[in-house]
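Student: Please find one structure pasted underneath; my questions will follow.
The values are calculated or read from the model by the stated rules, or taken from the named source; none is laboratory data. What you see is a predicted model, and the numbers here were worked out from it, not measured in a lab. Positions of Cβ are backbone-derived with ideal geometry, glycine not excepted, and every protein chain shown enters the neighbour counts.
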Amino acid sequence: MKNVEKGPDSSNEIKVERELVIPGDFLSEKDLKSGMGTYNDTERTYASQLGVKNIRAGYINVVPLGGRYIPRSGDYVIGNIIDIGPSNWLVDIKAPYPAPLHVNEVPWRVEFGDTARFLFVGDTILAKIQNVDEIKRVHVTMNDHDLRKLTGGLITEISHSKVPRVIGKGGSMITLIKRYTKCRMFVGQNGRIWIDGNADDIMVAVSTIERIEAEAQVMGLTDSIKDYLEERYSERSEEIETK
């Protein structure tokens, strides 16, 4: 199923990149490499799951419409500490299984048995998927730029499959939200989003993200979201002026 929208000249059609596919749908000949959510049959690539066809950096992928987040090495995620051991923590990253975080993978010097002094159950962290082995065991690290324990702000959650729409091409969508709301934000590939700022602005950011998730397949979404933010802040300006 492929969507098209009319250009300024109604005789022209603009091909839309967001094409919904089902398992077994033909995707590409040999000119593109097979990526996530696909499989090869000789020199042809087919969809292996229900999702949206996506082409990036010479690879063809199928982004799932739902389901659990499947970690990949290098992904940045927001995790919750759910258990503590003498030399590691167990982190919920919205994947099928929790991921261990070893004391050697944090920016502090932690003595054996002293883990609870640094991170406790219920704490939230910014982390990176360090590796995923052949049997899908995941390890995370905090030894990278800007990774840290999160304090303050608010965490909202969306489907991990909608994260690319919240970020936008080249970061355009998230930059738009930040510019209007003046909030600090971090979007995890696992669908958790941290937002910090003025309480009213946080609520606008959350409602904007919810709108993006609900309308992820709509064409012209960036312009629609810009109009929505302009309207929200216009209303707030009018409220302030009338007080």
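Student: Among residues belonging to segment 65-75 that are in contact with a strand residue (DSSP E or B) (Cβ under 6 Å, 6 or more places away or on another chain) and crowded, with 18+ Cβ neighbours inside 10 Å, point out the one that is modelled with the lowest pLDDT.
Tutor: Checking each candidate, the answer is P71.
Student: In segment 18-37, how many residues are in a loop (DSSP other than H, G, I, E, B) and either touching a residue at least 60 places away in the same chain (Cβ under 8 Å) or more than 16 Å from V63 (Cβ to Cβ) (or both)? Reasoning before the result, please.
Tutor: As a first pass, look at segment 18-37 and keep what is in a loop (DSSP other than H, G, I, E, B): 22-25, 29-32, 35-37.
Those still in the list that are either touching a residue at least 60 places away in the same chain (Cβ under 8 Å) or more than 16 Å from V63 (Cβ to Cβ) (or both) too: 24, 29-31.
Going through segment 18-37 one residue at a time, the tally reaches 4.
Student: Identify all residues within segment 87-141 that are assigned to a strand (DSSP E or B), free of Cβ contacts under 8 Å to residues at least 24 places away in the same chain and either aliphatic (A, V, I, L, M) or touching an Asp or Glu at 6+ places or on another chain (Cβ under 7 Å) (or both); write none if there are none.
Tutor: Scanning segment 87-141 gives a single hit, L90.
Student: Okay, moving on. If Y69 satisfies all but one of (1) under 19 Å from T156 (Cβ atoms); (2) outside any loop (DSSP other than H, G, I, E, B), what's the number of the condition it fails?
Tutor: (2)
Student: M219 is checked against (1) on the phi > 0 side of the Ramachandran plot; (2) in contact (Cβ under 8 Å) with a residue 60 or more places away in the chain and fails just one. What number does that condition carry?
Tutor: (1)
Student: Can you go through E230, E213 and tell me which one is of a type in the set (D, E), within 18 Å of Y69 (Cα to Cα) and out of contact with any Gly (no Cβ under 8 Å at 6 or more places or on another chain)? Please lay out each step first, then the result.
Tutor: Details: E230 fails: within 18 Å of Y69 (Cα to Cα).
Going through E230, E213 in turn, just one is of a type in the set (D, E), within 18 Å of Y69 (Cα to Cα) and out of contact with any Gly (no Cβ under 8 Å at 6 or more places or on another chain): E213.
Student: Output the number of residues of segment 220-243 satisfying the condition of being in a helix (DSSP H, G or I), at pLDDT 65 or above and small (G, A, S).
Tutor: Initial filter on segment 220-243 (in a helix (DSSP H, G or I)): 221-242.
Applying the additional criterion that residues be at pLDDT 65 or above yields 221-236.
Filter again for small (G, A, S), leaving 224, 234.
So the count comes out to 2.
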